[in-house]
Amino acid sequence: MITLLATLALLVDPAHWDTPPDVKPSDYPALARDLRINGTVTLECENNESGALARCAAVSAKPADAGFQQAALAIVFRGRVARPAGVPFMIELPFDILTEGDEPLRQPWEGPEPGPEHVQAAQAFTDSFYHGSRSATERSIRDWKVNEMPPEKAALLRGWMAELYPDLEAEKAWQAAGIARVLALHGLDHLPTRKPIGWDAWYAQVTQASPEDPAPIRNEMRRRYCAAFDCVSGAAAD
């Protein structure tokens, strides 16, 4: 009887793509996207007569338990191959478009500091916006699917989050301070009831104006994750 490993060893003919399945940043699992980690997934697939993939199963992923396998299964069916139908073959699907490594630190805020009217308006908005929201730790546990990871890995990540991440009240305070600064920058003592022109620029300004930069937290989480688990995957070049 041929073992599974022997079977996989025989399936070495790579896919000959007519239409490769392109990987976009939005395809990355949340953990990998947040921590700037690339990866690779090995899949076993079959195609039909038209070249469309009819069946695929993820065999392995590197790094493991980071969500790459599930993401690959959603992406790979975008491709079409030039191969005989119904003959199993292997696919190495790389997630290699993120620039790995530390996230750059923000530049210090150089705009005006807010007055009491800006602070009051920003606090009122933040209280309303964050009503019923989850903390950064709770959001990461949900988005990274931590509860689906092996128990020891999940416990390690929860411990790091408890140590590094701000609680909800601290996060709200950072956000309110950033909004107050942006209101002062635009000479307003209230937030517009409708999105102003250039809202994307406003949002970027609020992120820049926050007194706390989240990049060091994410960089430290990445450092710990990659020290404990294998992140080596072939970083994308700048």
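Remarks
- Residue within the stretch 125-142 that is more than 22 Å from the chain's Cα centre (by Cα), hydrophobic (A, V, I, L, M, F, W, C) and at pLDDT below 90 present: yes
- Test: residue in the stretch 153-169 that is among the hydrophobic types (A, V, I, L, M, F, W, C), within 30 Å of P116 (Cα to Cα) and either open to solvent by 20 Å² or more (accessible area, probe 1.4 Å) or under 16 Å from the mean Cα position of the chain (by Cα) (or both): yes
- Residues of the stretch 60-106 that turn out to be open to solvent by less than 60 Å² (accessible area, probe 1.4 Å), in contact with a Ser or Thr (Cβ under 8 Å, 6 or more places away or on another chain), assigned to a strand (DSSP E or B) and not polar (S, T, N, Q), as a count: 6
- Across the stretch 184-192, a minimum of one residue is classified as in contact (Cβ under 8 Å) with a residue 12 or more places away in the chain, part of a helix (DSSP H, G or I) and among the hydrophobic types (A, V, I, L, M, F, W, C).
- Within the stretch 172-190, tally of residues that are in contact with a helix residue (DSSP H, G or I) (Cβ under 6 Å, 6 or more places away or on another chain) and either under 22 Å from L105 (Cα atoms) or open to solvent by 40 Å² or more (accessible area, probe 1.4 Å) (or both): 10
- Wholly enclosed helices (runs of 4 or more DSSP H) of the stretch 107-168 bearing at least 2 residues over 21 Å from D34 (Cα atoms) and hydroxyl-bearing (S, T, Y): 116-129
- Some residue of the stretch 205-221 being in contact with a Pro (Cβ under 8 Å, 6 or more places away or on another chain) and farther than 30 Å from W160 by Cβ: no
The values are calculated or read from the model by the stated rules, or taken from the named source; none is laboratory data. Computed from a predicted model, the values in this text were never measured in an experiment. Virtual Cβ from ideal backbone geometry, glycine too; neighbours counted across all protein chains shown. These area figures cover heavy atoms from the full protein model, side chains too; ligands, DNA and RNA do not enter into them. Shrake-Rupley method; radii C 1.70, N 1.55, O 1.52, S 1.80 Å.
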